[in-house]
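In what follows, a single structure is set out as structure tokens and then discussed.
The values are calculated or read from the model by the stated rules, or taken from the named source; none is laboratory data. Fair warning: this is a prediction, and the values are worked out from it, not measured in the lab. Neighbour counts are summed over all protein chains in view; Cβ atoms, including those assigned to glycine, are modelled from backbone coordinates with ideal geometry.
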Amino acid sequence: MRNRQLPEKENKKNPGRRNVIVLFLGTVAHALTRSFTRLLAQDQTPNRREFSITTRNYLFVPARIEVIQGELVRITLHAEDQAHSFTIDEYRIAKRMPTDGTTILDFQADQAGKFTFYCNLTADSNCQQVRGELIVGQK
């Protein structure tokens with residue numbers, strides 16, 4: 001068998017066209033990379049949960065809050081009748097709420113489990129019964 005060769009076409013180089021194609025492909029690749037990076041960043045940004053807790057008549061209202069591990073938590077604390085505190089030992093949180101005042105608390109719920117929050121003030125013996133529960137579910 002004989003190899004038949006096809007006639008060679010004249011190879012004209014067009015550097016302008018090639019540069020446009022390379023520039024176009026580079027732009028597309030850059031846009032795809034930025035979009036992918038943005039999507040990854042969104043997946044890694046923790047959700048933010050906001051709660052408002054009021055103390056009155058020696059009770060936290062609500063007395064239970066639930067979040068998912070890794071979420072950012074903001075709690076606005078308000079003491080209606082007298083000064084109280086909001087304490088979670090495992091998170092090393094101890095915030096004082098002045099009478100008829102507001103305190104804002106931010107933290108990341110990085111430990112899963114059930115945690116008691118309570119008033120740690122000792123001026124009034126009834127403050128020891130002011131308790132609630134933080135539930136942090138696993139991802």
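Table for the structure above
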{"item": "Any pair with Cβ under 8 angstrom, 6 or more apart, that starts in segment 51-72 at a residue that is within 13 Å of Ala112 (Cα to Cα) and acidic (Asp, Glu) and ends at one that is in a loop (DSSP other than H, G, I, E, B) and at pLDDT below 95", "result": "Glu71/Pro46; Glu71/Asn47"}
{"item": "Matching residues in segment 77-98 - criterion: being of a type outside the set (Gly, Ala, Ser), surrounded by 14 or more Cβ atoms within 10 Å (Cβ to Cβ) and outside any loop (DSSP other than H, G, I, E, B)", "result": "Leu77, His78, His84, Phe86, Thr87, Ile88, Tyr91, Ile93, Lys95, Arg96, Met97"}
{"item": "Residue ID - nearest to Tyr91 (Cα to Cα), chosen from residues in segment 107-139 that are among the polar types (S, T, N, Q) and surrounded by 13 or more Cβ atoms within 10 Å (Cβ to Cβ)", "result": "Gln108"}
{"item": "Output for segment 99-139, where each listed residue is part of a helix (DSSP H, G or I) and polar (S, T, N, Q)", "result": "Ser125, Asn126, Gln128, Gln129"}
{"item": "Qualifying positions in segment 54-71 - under 20 Å from the mean Cα position of the chain (by Cα) and under 18 Å from Gln128 (Cβ atoms)", "result": "none"}
{"item": "Qualifying residue in segment 93-104 (condition: modelled with pLDDT under 95, of a type in the set (S, T, N, Q) and out of contact with any helix residue (DSSP H, G or I) (no Cβ under 9 Å at 6 or more places or on another chain))", "result": "yes"}
